[in-house]
Amino acid sequence: MTTVVISEAVKTYLKTYSGIGSSAVVLVDYLSGNPSEYAVSQQPGTVVLETYLTGATERQFNFALQMMAYTADDAARIANSGFFEGVAAWLESQSEAGTFPTLNTNQHPTDIRATGQPFLYQQGESETAIYQMNCALLYDQDAP
């Protein structure tokens, strides 16, 4: 049986969002600097939120969705913010519909959501920047 790596599952899941698309370049913990590139970047935070008497746990996977994008003018920066608003709304609707990333058989997703506003994470001297929005995938994990 193959073990599912959560960051890979989230990457695959995000490619189903129409604003990103299945042919988009989505990387894990890395952006090469090319515009219109995305990354799922693992973030620090509490993993186990609660442990039940049965030994099962409620957990969260904290991640940031990052995008390398053009920032040459105000219209581009507004469009970049709009992209993240769309992702946040999509995550909310997916969660309400019970549509989640596919995890291991002992892991059962319960929620996926944006946990903060998108922001300009890094601006270089070129006309591109990295935008970031922090997110979380919550899931229950069976007792070992």
(message) In the chain, once you exclude exposed chymotrypsin sites (Phe, Trp or Tyr not before Pro) (DSSP loop, at most 11 other Cβ within 10 angstrom), what's the longest stretch remaining?
(response) 53-144
(request) Give, in whole angstrom and from largest to smallest, the semi-axes √(5λ) of the equivalent ellipsoid of the range 4-64, with λ running over the eigenvalues of the Cα gyration tensor. (result) 29, 13, 8
(request) Output the antiparallel fraction of DSSP beta bridges having both residues in the chain, as a percent to the nearest 5. (result) 90 percent
(request) Count the net charge of all other residues whose Cβ sits under 13 Å from the Cβ of VAL40, scoring Lys and Arg as +1 and Asp and Glu as -1. (result) -1
(message) Less than 12 Å Cβ to Cβ from LEU138, Lys/Arg counted +1 and Asp/Glu -1: what total charge do the surrounding residues give?
(response) -2
(message) Taking 30 Å as R0, compute the FRET efficiency from the Cβ-Cβ separation of VAL47 and SER126 and round it to 0.05.
(response) 0.25
(request) Scan the chain and report its longest stretch carrying no GluC sites (Glu not before Pro) that are both in a DSSP loop and have at most 14 other Cβ atoms within 10 Å. (result) 1-124
(request) Sketch the reach of a paramagnetic label on ASN34 as a point 7 Å from Cα along Cα-to-Cβ, and name the residues of the range 54-68 whose backbone nitrogen lies under 17 Å away. (result) 66-68
(message) Could you tell me how many cubic angstrom of Cα convex hull volume the chain has per residue?
(response) 112 Å³
(request) May I ask you to sort VAL26, VAL47, VAL40 by Cβ crowding, counting other Cβ atoms within 10 Å and putting the fewest first? (result) VAL47, VAL26, VAL40
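Values in this text are rule-based calculations from the coordinates and carry no lab data. From a predicted model like this one, the values you see are computed outputs, not experimental measurements. Every residue, glycine as well, gets a Cβ built from its backbone with ideal geometry; the counts of neighbours run over all protein chains shown.
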